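The values are calculated or read from the model by the stated rules, or taken from the named source; none is laboratory data. Predicted model, so just to flag it, every value in this text is computed and none were measured. Ideal geometry is used to build each Cβ from the backbone, glycine not excepted, and the neighbour counts take in all protein chains shown.
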Amino acid sequence: MSQTVGNLKDSVAGLLSGTDLDNVTNLEGAITRAVRTVIQQADVPDVMETQLLTLYDRVYNYPAPSNIFGGALVDIRPQTAVRDFTDYVYKKYITEFDRKKHMLPNGYSVAFEYSKGTGIMRVASPKPTPAIVLDQCTDTTGWVAGGDATVLAQDKTVYYDDPASLRFNLAASGSNGYIEKTITTQDLTEYEGVGIVFVACRLPSATAITSIGVRLGSSSANYFNVSDTEGFLGAWKTGEWTIVALDLSIASETGTVDIDNVDYVRVYVNYDGTALTNFYVGSVWVSLPSPHEVVYYSSAVFLSDGTLSKTITNDNDEIVFNDAAYTLLEHETALQVLLQNGGSITEGLGQTYNSKLHGSGNDLGLYSLYRADNPSQEVRTVGNWYLD
């Protein structure tokens, strides 16, 4: 039977005999702090979680699991019974990942970074089916601006794919601008109803753009149409390259698309009428989804109504630690309450519980004993200090 937050409070009250927990300020804050400390000190397998991760060729930035503990990654694996023995997971420094992401012969290269508090998990792998690049958008040849889009030009200083990108303006009081092109004919039979069209854009405003979409078909009269109101990683960002993921499974069809002979693409922008200069389009490609799973350590240990959370709802919340980890939590919570109430880690009960947790002299502490039986499975960051 799982222990509850109420059980933990009773246990801590016993360990701190003579302390009235009702008088402890922010007791639940001490408990959640103790949970984080336990997970930091001993990678508790009880809090491993598995989450779907769909990989795409030419896409390297994915939302990190919202409840991952730091960057405590355990594994990335395909959703299949077959896994090659060379499919290792390599956790890299950001710069090394960036420099070598195109060179990975097998498995998965991973790096973690954050943007304004949002976790980004960068993943490179040869596993996804190679993408079909519809156009790299490095030259204006064949491209035509229409609607409220004007001044289409090549830009060799701001680009997504070397050596250039396309740049255009959106007129005041307008609502829709686009660029379109007759591209090299592609057979997209395998992509119909399942592929994702990716468009790399650099937006001059995060608020004036209402949606970005694509028409993809065998002519300007026979096409699939799909749009989105945010980027692959979330809300629009001003002045940053944003990948827009457009799902063909939800696309509408105008006319009848000859899927064996797709040669028409339009990228369009819907906006609120504000005059916008220098909207960039970098590259347009279509990828097939490659279903994977990411396994990681989480800090969500409180179970309420079937949902795990990092915060306490009430005393009936279950704590998903097994007995061994729960013992660590009992003593760590007692220590945190003592310290919060002005106690000392070197005197009295503080010294007793600190020594019990971390050891003293030749006596191993509970953390050392726990780690011996439950070695960490976290993938560690590796790299070279020298130039390679």
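A few points about this structure:
- Annotation note: Cβ proximity below 8 Å between a residue of segment 151-163 that is in the same structural domain as Gly177 (by TED's automatic domain parsing) and more than 24 Å from Val59 (Cβ to Cβ) and a residue that is outside any loop (DSSP other than H, G, I, E, B) and of a type in the set (Gly, Ala, Ser) (sequence gap 6+ or interchain) occurs for Val151/Ala145; Leu152/Ala145; Gln154/Ser165.
- Number of residues in segment 81-125 that are farther than 19 Å from Glu378 by Cβ and assigned to a strand (DSSP E or B): the value is 3.
- Residue in segment 339-362 that is part of a loop (DSSP other than H, G, I, E, B), buried (at least 18 other Cβ atoms within 10 Å of the Cβ) and in contact (Cβ under 8 Å) with a residue 40 or more places away in the chain present: no
Rundown of residues vs (1) under 21 Å from Ser175 (Cβ atoms); (2) in a strand (DSSP E or B); (3) of a type in the set (Ser, Thr, Tyr), yes/no style:
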position	(1), (2), (3)
Tyr223	yes, yes, yes
Val244	yes, yes, no
Asp260	no, no, no
Asn270	yes, yes, no
Phe279	yes, yes, no
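- All positions within segment 337-363 that are hydrophobic (A, V, I, L, M, F, W, C) and either over 30 Å from Asp75 (Cα atoms) or outside the structural domain of Val24 (by TED's automatic domain parsing) (or both): Val337, Leu338, Leu339, Ile345, Leu349
- Matching residues in segment 21-70 - criterion: being assigned to a strand (DSSP E or B) and of a type in the set (Gly, Ala, Ser): Gly70
- Options Asp10, Asp98; residue that is acidic (Asp, Glu) and assigned by TED's automatic domain parsing to the domain that holds Leu329: Asp10
- Criterion violated by Tyr60 - all others in (1) assigned by TED's automatic domain parsing to the domain that holds Val320; (2) closer than 30 Å to Thr238 by Cβ satisfied: (1)
- Number of the exception - Leu55 against (1) modelled with pLDDT under 95; (2) under 25 Å from Ser283 (Cβ atoms); (3) hydrophobic (A, V, I, L, M, F, W, C): (1)
- Residue within segment 144-158 that is over 22 Å from Val214 (Cα atoms), of a type in the set (S, T, N, Q) and under 18 Å from the mean Cα position of the chain (by Cα) present: no
- Among the residues of segment 9-39, those that are polar (S, T, N, Q) and in contact with an Asp or Glu (Cβ under 8 Å, 6 or more places away or on another chain) comprise Ser11, Thr37.
- Screening Phe112 with (1) in contact with a strand residue (DSSP E or B) (Cβ under 7 Å, 6 or more places away or on another chain); (2) surrounded by fewer than 18 Cβ atoms within 10 Å (Cβ to Cβ); (3) not small (Gly, Ala, Ser) gives one miss only, at (2).
- Of all residues making up segment 224-258, the number that are within 21 Å of Ala131 (Cβ to Cβ), more than 19 Å from the chain's Cα centre (by Cα) and either of a type in the set (Val, Ile, Thr) or at pLDDT below 95 (or both): 3
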